[in-house]
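Chemist: Below are the structure tokens for one structure; questions will follow.
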Amino acid sequence: METPLGRTETPPDTTKTLLDTSGTHLETTRSPLEATETPPDPTVTPREPTESPRGTTCPPPTRWGICSAGKISHDFLVALRTLPPEEHLAVAVAARELSRAQQYAQLHGVARAYGSYEELARDPQVDVVYVGTVNPQHLPATLLFLRARKAVLVEKPLGISAREAKEMAAAAREAGVFLMEGFWTRFFPAWKRLRALVDEGALGECRVLQGALAFPLRAVERLREPSLGGGALLDLGGYGLQMASALLGRGCPPLRLRAEGCLHPSGVDETVTLTLQYEGGKQAALTVSMDAKLPGGAALGGTRGWVEIPSHLNCPTELIWEGKREVFPLPPPAEPLNYPNSTGLRYEAQHVRECLLKGLTESPVMTLAESELIAEMMDEARHQVGAVGPGGTVA
């Protein structure tokens with residue numbers, strides 16, 4: 001049955017080339033495929049951080065610390081290397097095992113490796129930390145770095161529940177420290193082009209959004225285990241929800257949200273279809289699955305026209321608009337990637353730097369309030385399908 005948002009949450013038992021182209025330890029991922037990690041290259045020499053020459057007006061590089069040595073952290077480091085070193089430097093990496101951190105540091109030319117997150121939090125040469133841990137570790141890791149007054153870019157989902165998301169947002173606001181959820185989609189040139197079309201009124205009034213994202217991932221432990229914050233919604237569902245929020249809701253909650261789906265034998269959600277009703281008769285229909293394969297496309301229809309993302313709605317590199325295909329190529333990686341289009345992580349890193357240089361404590365593009373809203377919608381959807389979360393509790 002349809003249920004409005006606002007349900008009181010029960011806390012868990014456990015703690016183009018046509019346009020501008022600029023434009024575990026267990027780890028989290030953007031899932032499309034689980035892949036073997038790239039082995040370290042012993043010929044790479046770690047790079048020490050640099051400073052802007054005296055007398056220049058250029059700001060110094062943003063110094064990144066990397067929390068976890070998993071697959072998505074590898075891709076983030078590769079993406080950073082597509083950016084100018086005078087603007088972005090990875091200076092430290094931390095993992096639960098020192099040897100693992102050392103391998104990553106050697107491979108990526110990072111100066112320092114730590115065998116604990118606490119050591120990374122104490123590093124005075126780190127400006128911002130990228131948190132790429134498994135989902136249940138987002139909360140403790142993020143709070144650790146915020147309390148150390150480190151800016152934080154944390155992989156989506158911000159938390160495994162709205163309660164966690166709100167706790168992190170409150171901690172960032174209280175400390176006056178920058179925090180952003182890593183919905184990288186919003187910083188891709190293709191997404192910016194789509195938003196421009198919408199804002200210019202090229203589609204008329206946007207009325208309908210359809211999207212589906214699915215990959216055969218049932219065998220992936222991180223996705224099938226409730227204790228690891230598994231399930232298709234937490235892994236994939238946020239991408240469609242952020243689209244609906246940005247394009248139809250404009251940051252406001254839907255009037256109604258309905259979720260139907262099926263569960264994995266472990267109890268996590270496996271395939272879910274969401275329908276969202278917004279003011280003015282606007283509707284979104286979104287499907288996510290870890291038991292099938294789809295191209296990952298999305299279409300947005302308005303009263304005057306429509307635009308399509310033909311594939312990879314989470315990391316788009318092309319649009320179809322007025323019958324024409326517009327392509328937004330990504331820079332090539334210096335190392336093999338674990339996930340498609342991962343050099344596109346560079347765009348959210350660039351945005352974080354811009355925010356920090358302006359002294360902002362949150363992103364105007366991906367606000368903390370919207371992250372909290374998306375987490376609330378995710379809670380409601382998981383509740384409706386009866387998904388099981390960490391500690392065996394129903395989400």
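The values are calculated or read from the model by the stated rules, or taken from the named source; none is laboratory data. Since we're looking at a predicted model, the values are computed, not measured. Neighbour counts run over all protein chains shown; Cβ positions are idealised from the backbone, glycine included. The area values use the complete protein model at the heavy-atom level, side chains included, leaving out ligands, DNA and RNA. Shrake-Rupley method; radii C 1.70, N 1.55, O 1.52, S 1.80 Å.
Chemist: I'd like to know if the stretch 270-281 contains one or more residues that are open to solvent by less than 40 Å² (accessible area, probe 1.4 Å), out of contact with any strand residue (DSSP E or B) (no Cβ under 6 Å at 6 or more places or on another chain), assigned to a strand (DSSP E or B) and at negative phi.
Modeler: Within the stretch 270-281, one or more residues are open to solvent by less than 40 Å² (accessible area, probe 1.4 Å), out of contact with any strand residue (DSSP E or B) (no Cβ under 6 Å at 6 or more places or on another chain), assigned to a strand (DSSP E or B) and at negative phi.
Chemist: Can you find, within the stretch 301-316, the residue that is most open to solvent (accessible area, probe 1.4 Å) among those that are of a type in the set (V, I, T) and out of contact with any Phe, Trp or Tyr (no Cβ under 7 Å at 6 or more places or on another chain)? Give the derivation first.
Modeler: So in the stretch 301-316, the residues of a type in the set (V, I, T) come out as 303, 307, 309.
Now restrict to residues that are out of contact with any Phe, Trp or Tyr (no Cβ under 7 Å at 6 or more places or on another chain): 303, 309.
Numbers: T303: 89, I309: 3 Å².
The selected residue is T303.
Chemist: Can you tell me which residues in the stretch 283-310 are of a type in the set (D, E, K, R) and either farther than 21 Å from R193 by Cβ or at pLDDT below 95 (or both)? Lay out the reasoning, then the answer.
Modeler: So the first thing to find is which residues in the stretch 283-310 are of a type in the set (D, E, K, R), and the list is 291, 293, 304, 308.
Result: D291, K293.
Per-residue answers, yes or no, for (1) assigned to a helix (DSSP H, G or I); (2) at pLDDT below 95:
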| residue | (1), (2) |
| --- | --- |
| I320 | no, no |
| E326 | no, no |
| L345 | yes, no |
| V352 | yes, no |
| M366 | no, no |
| S371 | yes, no |
| M378 | yes, no |
| A381 | yes, no |
| G391 | yes, yes |
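Chemist: Right, here's the next one. Can you say whether A212 is within 29 Å of T133 (Cα to Cα) and in contact with an Asp or Glu (Cβ under 9 Å, 6 or more places away or on another chain), as far as the supplied structure shows? Full working, then the answer.
Modeler: Values: within 29 Å of T133 (Cα to Cα): yes; in contact with an Asp or Glu (Cβ under 9 Å, 6 or more places away or on another chain): no.
In short, no.
Chemist: Working only within the stretch 240-258, note down all residues that are under 14 Å from T275 (Cα atoms) and either modelled with pLDDT under 95 or of a type in the set (S, T, Y) (or both).
Modeler: Matches in the stretch 240-258: S245 only.
Chemist: I'd like the full set of residues that are open to solvent by less than 10 Å² (accessible area, probe 1.4 Å), assigned to a helix (DSSP H, G or I) and not acidic (D, E), limited to the stretch 225-239.
Modeler: Taking the stretch 225-239 as the starting set, the residues that turn out to be open to solvent by less than 10 Å² (accessible area, probe 1.4 Å) are 229-239.
If we keep only those that are assigned to a helix (DSSP H, G or I) as well, we get 232-239.
A232, L233, L234, L236, G237, G238, Y239 - these are the residues of the stretch 225-239 that are open to solvent by less than 10 Å² (accessible area, probe 1.4 Å), assigned to a helix (DSSP H, G or I) and not acidic (D, E).
Chemist: Out of the residues in the stretch 58-103 that are under 19 Å from L337 (Cα atoms) and basic (K, R), which is surrounded by the most Cβ atoms within 10 Å (Cβ to Cβ)?
Modeler: Here the answer is K71.
Chemist: May I pose another question? Hey, can you tell me all the residues within the stretch 328-343 that are within 30 Å of S161 (Cβ to Cβ) and part of a helix (DSSP H, G or I)?
Modeler: S342
Chemist: For a quick check of your reading of the model, give me the residue pairs whose first member lies in the stretch 155-182 and is under 15 Å from E362 (Cα atoms), whose second is open to solvent by 30 Å² or more (accessible area, probe 1.4 Å) and hydroxyl-bearing (S, T, Y), with beta-carbon atoms closer than 8 Å and at least 6 apart or on different chains.
Modeler: Correct list of pairs: A172/T361; R173/T361; G176/T361; V177/T361; F178/T361; L179/T361.
Chemist: Okay, moving on. Restricting attention to the stretch 177-186, does a residue exist that is polar (S, T, N, Q), under 30 Å from I320 (Cβ atoms) and open to solvent by less than 10 Å² (accessible area, probe 1.4 Å)?
Modeler: Looking for residues that are polar (S, T, N, Q), under 30 Å from I320 (Cβ atoms) and open to solvent by less than 10 Å² (accessible area, probe 1.4 Å), one finds at least one in the stretch 177-186, hence yes.
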